[in-house]
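All remarks here apply to the structure that follows.
The values are calculated or read from the model by the stated rules, or taken from the named source; none is laboratory data. Please read these numbers as outputs of a predicted model, since none were measured by experiment. As a convention, Cβ positions derive from the backbone with ideal geometry for all residues, glycine included, and neighbour counts pool all protein chains shown. SASA here: full protein model, heavy atoms, side chains in, ligands and nucleic acids out. Shrake-Rupley method; radii C 1.70, N 1.55, O 1.52, S 1.80 Å.
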Amino acid sequence: MVAVAVLLLTTCSLAQAAYIYRGNSTYSSDILYTYDGRYLYRGRSTYSSDILYTYYRGHVYHGRSTYSSDIVCTWDLRYVYRGNSTYSSDIVCTWDGRYLYRGRSTYSSDIVYTYCNGHVYQGRSTYSSDIVCTTDGHIPIPLLMLIM
């Protein structure tokens, strides 16, 4: 009975995982990363040894840590800041809901990626030939930024 409950819980949690695929693919063989709502794992794994980043309360941490000394970046839904900072001098990129810009800019010449319909495109493009990766669920922008 306990084994069945554990199996069901594991299956449910994996069903809610979001995957990041290489290019314009959604084949399981092209899974680059798995995101379970808190941890970003390498490949299709959900083993703790494969955790690359933790996303918690607007911060991205190295590995499984939530120590302030391990903060990689901070996210306020518009800007991604370097480390635990929210100073404008530490803005790494700007997000406007569709485009990810370099630094604090919103100039079209500073668009690094476009995110549309589950696809991340290089630059301002939405051509299928410019798809860098595909997602099948919600991935926080700072995590996408870090793996690009």
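Exactly one of (1) modelled with pLDDT under 95; (2) over 27 Å from Arg57 (Cα atoms); (3) of a type in the set (A, V, I, L, M, F, W, C) is unmet by Ile147. Its number?
Exception for Ile147: condition (2).
Return yes or no: is Thr106 farther than 26 Å from Gln16 by Cβ, open to solvent by 20 Å² or more (accessible area, probe 1.4 Å) and assigned to a loop (DSSP other than H, G, I, E, B)?
Spelling it out, Thr106 is indeed farther than 26 Å from Gln16 by Cβ, open to solvent by 20 Å² or more (accessible area, probe 1.4 Å) and assigned to a loop (DSSP other than H, G, I, E, B).
Can you find a residue in region 56-65 that is part of a strand (DSSP E or B), more than 24 Å from His119 (Cα to Cα) and either among the hydrophobic types (A, V, I, L, M, F, W, C) or open to solvent by 40 Å² or more (accessible area, probe 1.4 Å) (or both)?
Yes, because at least one residue in region 56-65 is part of a strand (DSSP E or B), more than 24 Å from His119 (Cα to Cα) and either among the hydrophobic types (A, V, I, L, M, F, W, C) or open to solvent by 40 Å² or more (accessible area, probe 1.4 Å) (or both).
Under 7 Å between Cβ atoms, at least 6 apart or on separate chains: pull out the pairs that start in region 75-93 with a residue that is in a strand (DSSP E or B) and end on any residue that is among the basic types (Lys, Arg) and open to solvent by 30 Å² or more (accessible area, probe 1.4 Å).
Ile91/Arg104; Val92/Arg82; Cys93/Arg102
Would you pick out the residues in region 113-127 that are within 15 Å of the chain's Cα centre (by Cα) and surrounded by 14 or more Cβ atoms within 10 Å (Cβ to Cβ)?
Tyr113, Thr114, Tyr115, Gly118, His119, Val120, Tyr121
Can you name the residue in region 6-38 that is in a helix (DSSP H, G or I) and either β-branched (Val, Ile, Thr) or under 14 Å from His119 (Cβ atoms) (or both) and is also modelled with the lowest pLDDT among such residues?
Applying the filter and picking the extreme gives Val6.
Regarding Arg44, is this residue surrounded by 15 or more Cβ atoms within 10 Å (Cβ to Cβ) and either among the hydroxyl-bearing types (Ser, Thr, Tyr) or more than 30 Å from Ser105 (Cα to Cα) (or both)?
It is true that Arg44 is surrounded by 15 or more Cβ atoms within 10 Å (Cβ to Cβ) and either among the hydroxyl-bearing types (Ser, Thr, Tyr) or more than 30 Å from Ser105 (Cα to Cα) (or both).
Report, ordered by the first and then the second residue, all pairs with beta carbons closer than 9 Å, sequence separation of six or more or different chains, a first member in region 43-55 that is at positive phi, and a second member that is assigned to a strand (DSSP E or B).
Gly43/Ile31; Gly43/Leu32; Gly43/Tyr33; Gly43/Thr34
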